Amino acid sequence: MNAAITATAKYLPDGILSNLDLERMLDTNDEWIRTRTGISERRILRDPEKATSYICGEVARQLLEKRGMTADELDLIIVATMTPDMLFPSTACLVQDIIGARNAWAFDLNAACSGFLFALNTASRFIESGAHKKVMVIGADKMSSVIDYTDRSTAILFGDGGGGVILEPAAEEGYGILDARMYSDGTNGKDHLLMKGGGSRHPATHKTVDERLHYIYQDGRMVFKSAVTSMANVAVEIMERNGLTAENVSWLVPHQANQRIISATAERMGISSEKFISNVGRYGNTTAGTIPICLAELDEENKLHPGSNLVLCSFGAGYTWGGMYVKWQ
Ligand code: UT7
């Protein structure tokens with residue numbers, strides 16, 4: 001049986017960092033940011049005591065409530081993140097503790113901006129195989145913890161937030177996650193979008209801090225080129241493999257990195273602007289959070305109906321990218 005999404009939820013912190021705020025901090029301006037990225041503001045989790053697990057906990061509680069489930073019913077929790085609270089234990093174990101999911105096993109998965117899709121694809125296999133009945137998949141990042149707010153090339157792009165879903169066996173055949181194509185290209189991706197410090201290659205030292213190695217580095221232009229091509233290619237591949245057309249796709253749910261990448265993907269698919277969701281203007285790039293936040297917004301606005309055809313797609317560090325076809329249950 002296919003895996004179907006049976007609940008969605010999102011959490012965005014209240015703190016707002018606007019383009020005007022950034023103008024005061026950096027040599028940038030609202031007009032440049034909006035025309036190059038589509039972003040006007042992002043959310044920031046300002047409380048230093050709160051980390052990614054807090055965002056996940058808020059998402060997890062809502063998911064259980066919306067589905068009318070207890071935490072004990074969960075078989076597995078997967079958290080997609082590149083900003084875990086700590087290198088270990090996994091943030092998924094912290095979420096298990098927060099909600100008291102005593103019967104679940106839990107692990108993190110890191111595929112940066114493609115993390116949620118990679119995690120959703122992984123989780124769906126546990127349902128399809130019959131191993132599990134109830135899986136929670138969360139994508140969340142506290143990007144403000146790894147952003148250098150003196151670097152205008154990255155500081156403007158990212159925000160904090162997350163979302164998630166519950167996956168269960170579809171009630172009827174032909175619904176749920178019907179296809180997925182996932183890709184990685186470490187050869188071309190590994191040098192263009194990365195955080196050098198904090199891992200086993202450059203453990204934290206005074207030197208790594210002085211050299212600002214604990215922040216994101218991105219060659220934006222290189223990543224942009226690959227993102228446009230790869231996200232459009234995988235979205236079209238998903239359409240072709242599944243007999244989807246511009247007419248019968250209900251929603252394109254793309255990773256939210258840059259409005260220009262989203263629009264280019266929609267254009268290649270031949271779909272019009274009323275069929276893709278874009279909230280990058282309000283939240284910036286929340287990395288593993290973007291796709292589940294989009295799903296939760298569509299759900300909250302009653303824009304998902306039984307039989308709606310969704311194409312999800314993402315591109316991120318690694319490089320990693322992927323596409324998925326979901327027929328909404
Ligand atoms: O989700 C993970 C994947 N990440 C992405 O998908 C991000 C992909 N990349 C992008 O979205 C874009 O490349 C950026 C938005 C990051 C940058 O846009 P761009 O059109 O590629 O600009 P650029 O990096 O080529 O820079 C153009 C100019 C440069 O000046 P010169 O060298 O032409 O004089 C930059 O120094 O804009 C300058 N610039 C800025 N100016 C004002 C770069 N950042 C800023 C800024 N404000 N914040």
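The table for this structure:
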item: Selection within the range 140-196 - of a type in the set (Val, Ile, Thr), within 16 Å of the ligand (Cβ to nearest atom) and open to solvent by 50 Å² or more (accessible area, probe 1.4 Å); result: Thr150
item: Members of the range 30-61 that are more than 25 Å from Ala106 (Cβ to Cβ) and basic (Lys, Arg); result: Arg34, Arg36, Arg42, Arg43, Arg46
item: Among (1) away from the ligand (no atom under 16 Å from the Cβ); (2) not in a loop (DSSP other than H, G, I, E, B), the one test that Gly130 misses; result: (2)
item: When residues of the range 249-267 are limited to those that are in a helix (DSSP H, G or I) and within 16 Å of the ligand (Cβ to nearest atom), the one most open to solvent (accessible area, probe 1.4 Å); result: Arg260
item: Out of Ala119, Ala123, sole residue that is within 16 Å of the chain's Cα centre (by Cα), farther than 30 Å from Ile39 by Cα and assigned to a helix (DSSP H, G or I); result: Ala123
item: Members of the range 67-95 that are without any contact (Cβ under 8 Å) to a residue 12 or more places away in the chain and surrounded by 22 or more Cβ atoms within 10 Å (Cβ to Cβ); result: none
item: The lone exception for Ile98 - which of (1) open to solvent by 20 Å² or more (accessible area, probe 1.4 Å); (2) in contact with a Phe, Trp or Tyr (Cβ under 7 Å, 6 or more places away or on another chain); (3) part of a helix (DSSP H, G or I) it fails; result: (2)
item: Filter result for Gly316 (more than 16 Å from Ala180 (Cα to Cα) and within 16 Å of the ligand (Cβ to nearest atom)); result: yes
item: Wholly within the range 1-87, helices (runs of 4 or more DSSP H) carrying at least 3 residues that are in the same structural domain as Gly162 (by TED's automatic domain parsing), within 16 Å of the ligand (Cβ to nearest atom) and over 19 Å from the mean Cα position of the chain (by Cα); result: 19-25, 30-37
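The values are calculated or read from the model by the stated rules, or taken from the named source; none is laboratory data. Given the structure is predicted, the values throughout are model-derived calculations rather than measurements. Cβ atoms come from the backbone with ideal geometry, glycine included; neighbour counts cover every protein chain shown. Heavy atoms of the whole protein, side chains included, go into the accessibility calculation; ligands, DNA and RNA do not. Shrake-Rupley method; radii C 1.70, N 1.55, O 1.52, S 1.80 Å.
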